[in-house]
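Reviewing the structure listed below.
The values are calculated or read from the model by the stated rules, or taken from the named source; none is laboratory data. The model shown is predicted, which means the values in this text are computed figures rather than measured ones. Neighbour counts are summed over all protein chains in view; Cβ atoms, including those assigned to glycine, are modelled from backbone coordinates with ideal geometry. Areas reflect the complete protein model, heavy atoms only, side chains present, ligands, DNA and RNA absent. Shrake-Rupley method; radii C 1.70, N 1.55, O 1.52, S 1.80 Å.
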Amino acid sequence: MEIKKITIAGGGVLGAQIAYAAAFHGFDVTIWGRSEGSIERAKPRINKVYETYTKELELAPRYIGAEFPNYPRSFFDDVKDINLEKIEELKKNNEKAYKDLKYTVDLEEAFADCDLVIEAIAEKVNEKRAFYEKIKDILKDDAILASNSSTFMPSMLKDFTGREERFLHLHFANSIHRQNLAEVMGHDTTSKEVIDIVAQFARDIGMYPAIIKKENPGYILNSILVPLLDAALALYGDDIAEPKDIDMDWKIGSGSPKGPFEMIDIIGITTVINVTSTREDAKDPSSPMGKALKKLKEREAKGLKGIETGEGFYKYK
């Protein structure tokens with residue numbers, strides 16, 4: 001099976017990035033939103049990704065011949081591939097991707113003829129279930145359905161899809177043009193052929209496909225990242241230190257380029273709230289995590305949601 005047409009369900013921060021990366025690498029991409037309001041909220045995110053790609057390509061000539069360039073890894077297979085001819089080709093791809101991306105709220109238009117659906121809607125099992133049940137009789141028999149879920153296992157959702165063998169998770173990191181990671185995780189009855197097809201698709205859009213051999217909460221990335229963020233949030237919730245000092249402590253002590261609260265700004269405070277709210281210890285308002293969750297919700301209410309809004313724990317305007 002060859003993947004040509006892709007529909008991204010959900011135009012949030014990651015949904016927009018996934019859609020744009022696929023279009024940039026030559027795929028026919030549609031973004032589906034549940035309402036016109038959802039579509040209108042997605043378009044500024046796409047505009048921002050387009051602007052980011054444009055800036056990256058303007059800077060790209062400086063990487064030519066550099067010894068250890070910090071270049072956008074999804075754009076070039078290898079540092080040796082960075083040359084003026086390739087950069088000009090990618091600039092044309094960027095303009096075409098921006099122009100050709102399609103948006104719709106119509107289920108038939110979005111899903112009847114697509115080869116791959118990547119679901120990137122809210123991390124709420126009832127919403128995912130309702131979505132899968134809406135599209136399962138619309139999809140082609142051989143269409144593949146993938147979820148970008150970061151907290152649910154494929155086995156928790158497969159019964160709602162109507163295509164267990166052709167369902168799996170394809171989980172992206174944020175800023176995917178640079179953090180070009182795609183974690184591929186099936187469940188016990190996912191077809192190996194489907195895993196192979198999706199892994200190749202990930203390569204085709206400039207990602208490194210990390211194959212998760214069996215279901216694991218947190219995949220690889222979040223199994224390492226979440227304990228770090230949890231520890232930082234507990235320190236913050238318990239008033240041990242301010243986010244800036246927690247970040248600097250971590251960066252200086254570990255050599256990491258980003259601190260945990262810088263990472264939270266990238267992920268988005270709303271996503272962190274959704275995930276943290278499911279924790280038992282966060283349900284106790286007197287616990288460090290419960291107090292951290294209260295602080296996060298207060299910041300969200302002020303519109304301080306992270307990079308997307310221009311300010312989170314740090315300012316980006």
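Report the FRET efficiency, 1/(1 + (r/R0)^6), for SER155 and ARG178, where r is their Cβ-Cβ distance and R0 is 35 Å, rounded to 0.05.
Details: r = 31 Å, r/R0 = 0.90.
That pair, SER155 with ARG178, gives E of 0.65.
Considering only protein heavy atoms and a probe of 1.4 Å, how much of the accessible area of the range 161-293 is carbon and sulfur, as a whole percent? Working shown, then result.
Details: 3550 of 6210 Å².
Roughly 57 percent of what the probe reaches on the range 161-293 is carbon or sulfur.
Provide the gained length on full extension for the span LEU59 to THR104, in nm with one decimal, where the gain is 0.36 nm per separating residue minus the Cα-Cα distance.
On the way: separation 45, 0.36 × 45 = 16.20 nm, distance 3.34 nm.
The span from LEU59 to THR104 would gain 12.9 nm if fully extended.
What FRET efficiency comes out for the pair LYS192/GLU242, r = Cβ-Cβ distance, R0 = 45 Å, nearest 0.05? Provide the component values of the computation, followed by the final result.
On the way: r = 49 Å, r/R0 = 1.09.
E between LYS192 and GLU242, to the nearest 0.05, is 0.40.
Can you give the net charge of the other residues whose Cβ lies under 13 Å from the Cβ of ILE264, counting K and R as +1 and D and E as -1? Each step should come with its number before you reach the end.
Values: positive: LYS244, LYS258, LYS295, ARG299, LYS305; negative: ASP230, ASP247, GLU262, ASP265, GLU300, GLU308, GLU311.
Counting the neighbours of ILE264, the net charge comes to -2.
Given a Förster distance of 30 angstrom, what is the FRET efficiency for GLU280 paired with GLU127, based on the Cβ-Cβ distance and rounded to 0.05?
Efficiency, rounded to the nearest 0.05: 0.85.
Provide the per residue accessible area, probe 1.4 Å, for the chain, rounded to a whole number of square angstrom. List each step's numbers first, then the result.
Working: 15790 Å² over 317 residues.
For the chain, the solvent-accessible area averages 50 Å² per residue.
I want the local charge near THR189. Using Cβ-Cβ distances under 9 Å, sum +1 for each Lys or Arg and -1 for each Asp or Glu among the other residues. Can you show the working numbers first?
Details: positive: LYS158; negative: GLU164, GLU165, ASP188.
Net of charged neighbours comes to -2.
What is the sum of charges around PHE172, taking Lys and Arg as +1, Asp and Glu as -1, for the other residues whose C-beta is under 13 Å from the C-beta of PHE172?
-1
Please state the relative contact order of the chain as a whole percent: Cα pairs under 8 Å, 6+ residues apart? List each step's numbers first, then the result.
Working: 525 pairs, mean separation 44.6, N = 317.
Across the chain, relative contact order equals 14 percent.
Would you mind computing, in nm to one decimal, how far apart the modelled labels at SER254 and ILE224 are, each placed 7 Å from Cα along Cα→Cβ?
1.0
Excluding same-chain pairs closer than 8 in sequence, count the lysine pairs in the range 135-217 whose Cα atoms lie under 15 Å apart. Display every interim value, and only then the final one.
Numbers: LYS136/LYS158; LYS158/LYS214; LYS192/LYS213; LYS192/LYS214.
The result is 4.
Hey, what number do you get for the chain at 222 nm if only DSSP H runs of n ≥ 4 count, each worth -39500 (n - 2.57), divided across all residues, to the nearest 500?
Roughly -14000 deg cm²/dmol at 222 nm, from the helical runs in the chain.
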